[in-house]
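Values quoted throughout were computed directly from the atomic coordinates according to the rules given, and no laboratory measurement underlies them. Fair warning: this is a prediction, and the values are worked out from it, not measured in the lab. Here the Cβ is made from the backbone with ideal geometry for all residues, glycine too, and neighbour counts use every protein chain on show.
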Amino acid sequence: MVTEQNGATPDVTILGAGIVGITTALSLTERGFKVALIDRNPPAEGASYGNAGSLSPWSCVPQSMPGLWKSIPGWLIDPEGPVALRMGYAAKFLPWAVKFFQAGQEHRLPVIADAMMALTRPTVTLYRHHLQGTGSEELVRDSVYVHVFRNAADADLSKLGWRMRAERQVPLEVVKGDALREVEPALSPDFEAAVLIKQQGRALDPGGIGKALAEKAQKIGVAFLQRSVEKLVPEAEGAWRIETDAGPLHAKRIVVAMGAWSGKLMQDLGVKAPLEAERGYHLVFRDPGVSLNNAIMNVDAKFVVSSMAAGVRCAGTAEFAGIDAPPDYRRAHVFKNLAKQMFPDINVEDTDEWMGPRPSTPDSVPYLGEVSGFANLYAAYGHGHTGMTMGPKTGEVIASLIAGETMDVDMTPYRIDRFG
Ligand SMILES: Cc1cc2nc3c(=O)[nH]c(=O)nc-3n(C[C@H](O)[C@H](O)[C@H](O)COP(=O)(O)OP(=O)(O)OC[C@H]3O[C@@H](n4cnc5c(N)ncnc54)[C@H](O)[C@@H]3O)c2cc1C
């Protein structure tokens, strides 16, 4: 899969071969640029490997919302709760957390929601476009996003998050009782109601999609270099030197797409842009004995369940522990109990566990575009909970910007210096 770079310096060097780096490489190559993609691992083995695979063109509700803070203490003391803060990490986490809660003020939400949706809206169309000819076209399926509630009264479209979606023409429907069982026959009757978000997609193998697209990128001329990036050094006339574990590389333009690992690299350049590794877990039931028709969000427990190529995958939770802390797979095994509550007939014995870091900004909007103060340096990271969805449009935006095209997206909300 990985080839060494030979010959001339590429027009654009992308750091990080997650879904963002890979789709950016495809969009740039389609515009005639010579591209190199550098990753210390084979493509799509970071957060882009094990996510929940929900491809929602309608994602416009950020993680930080008014009143969220009231739920946090209860979540933190519950070992099966959706949020964990590891002992000893609180002081490092605090500055980001303050900005996170500030971002969730109601007056800031419209700009955030529109910025999110500009990147999510074309996701399914762009995946189908990029997957053409790979043989992996079937890895993206049409889906409804079924948000299930135990208590029917909680499926309430007058709540702020649903109103934000309705204002943006998101196709929503509330279903209850037998109508919900028709949508998802395996779901326990303990779940009384759901809000359906219609007309979206789901990935049957997020990592497989990344690898198929990386292979396509390589076939159309993208050079892959398996190296660890250690430092960026600006040189004369807007050029760059990339220090790697296998010696320096020269670059004309750099796109930083190293997901949660981008923070340290940019910090070393003096760029101040808050980023947390919001670590999530998945558990795959390899022999589940049940099949789900759609991506299903358990709204109370905050995780997504979906039938994938390898089995039924539960994915979610947010753990703040620092990017390098070892995984705590107890957080993945919590899904056994939760899945049994949702699907009484599911077999939870044969499992596969995983942890990956979401690259989370305080306002759920990624850092995109030119990095002020530096020539030929572009940010493409910070996609948080929706990077699998936003990846392909991010690639388009970055490629348009580098190509000097007229932009169809207002870049202001994505500025890397927006937190001062
Ligand atoms: C549990 C969970 C569930 C999720 N569910 C969804 C979902 O349903 N829908 C959705 O849209 N999104 C979802 N996400 C979010 C999504 O997975 C991420 O936002 C997205 O994958 C980020 O992509 P990326 O390319 O920026 O980063 P990554 O995929 O993490 O890629 C970064 C790359 O940089 C490389 N790298 C790091 N350091 C170096 C270095 N020093 N040198 C060279 N290379 C380096 C890594 O090896 C990696 O390949 C979920 C995330 C998690 C954790």
When you go through Ile14, Ile38, Ile77, Ile19 one by one, which is the residue that is among the aliphatic types (A, V, I, L, M), away from the ligand (no atom under 16 Å from the Cβ) and out of contact with any Pro (no Cβ under 6 Å at 6 or more places or on another chain)?
-> Ile77
Answer from Ala332, Ala277, Ala315 - the residue that is assigned to a helix (DSSP H, G or I) and within 13 Å of the ligand (Cβ to nearest atom) | Ala332
Quick check: anything in segment 335-347 closer than 23 Å to Glu276 by Cβ, away from the ligand (no atom under 14 Å from the Cβ) and among the charged types (D, E, K, R)?
-> no
Among residues of segment 383-396, those that are part of a helix (DSSP H, G or I), at negative phi and under 8 Å from the mean Cα position of the chain (by Cα), counted | 7
Just give me the residues in segment 302-312 being in a loop (DSSP other than H, G, I, E, B) and more than 19 Å from the chain's Cα centre (by Cα), in sequence order.
-> Ala309, Ala310
(1) among the small types (Gly, Ala, Ser); (2) farther than 19 Å from Asp363 by Cα; (3) surrounded by 14 or more Cβ atoms within 10 Å (Cβ to Cβ): which one isn't true of Gly104, the others all being true?
-> (2)
Boolean, Asp156 is surrounded by fewer than 20 Cβ atoms within 10 Å (Cβ to Cβ) and assigned to a strand (DSSP E or B) = no
Would you check if Ala379 is farther than 23 Å from Ala321 by Cα, in contact with a strand residue (DSSP E or B) (Cβ under 8 Å, 6 or more places away or on another chain) and surrounded by fewer than 17 Cβ atoms within 10 Å (Cβ to Cβ)?
-> no
Apart from one, (1) within 16 Å of the ligand (Cβ to nearest atom); (2) in contact with a Gly (Cβ under 7 Å, 6 or more places away or on another chain); (3) not small (Gly, Ala, Ser) all hold for Pro122; the odd one out is (2)
All but one of (1) assigned to a strand (DSSP E or B); (2) more than 8 Å from the ligand (Cβ to nearest atom); (3) within 18 Å of the chain's Cα centre (by Cα) hold for Ala380; which doesn't?
-> (2)
Only one of Asp178, Asp205 is acidic (Asp, Glu) and within 21 Å of the chain's Cα centre (by Cα); which?
-> Asp205
Quick one: in segment 235-266, of everything that is in a strand (DSSP E or B) and in contact with a helix residue (DSSP H, G or I) (Cβ under 7 Å, 6 or more places away or on another chain), which residue is nearest to the ligand (Cβ to nearest atom)?
-> Val256
Quick check: is even one residue across segment 187-194 among the aromatic types (Phe, Trp, Tyr) and either in a helix (DSSP H, G or I) or over 26 Å from the mean Cα position of the chain (by Cα) (or both)?
-> yes
On the given criteria, is Glu353 assigned to a strand (DSSP E or B), under 18 Å from the mean Cα position of the chain (by Cα), more than 30 Å from Asp410 (Cβ to Cβ) and charged (D, E, K, R)?
-> no
Conditions (1) in a strand (DSSP E or B); (2) farther than 30 Å from Pro344 by Cβ; (3) touching a Leu at 6+ places or on another chain (Cβ under 7 Å): number failed by Glu230 | (3)
Restricting attention to segment 108-139, and to residues there that are surrounded by 15 or more Cβ atoms within 10 Å (Cβ to Cβ), small (Gly, Ala, Ser) and in contact (Cβ under 8 Å) with a residue 60 or more places away in the chain, which single residue is farthest from Thr394 (Cα to Cα)?
-> Ser136
Filter segment 356-377 down to the residues that are among the hydrophobic types (A, V, I, L, M, F, W, C) and farther than 21 Å from Val409 by Cα, then identify the one that is nearest to the ligand (Cβ to nearest atom).
-> Phe374
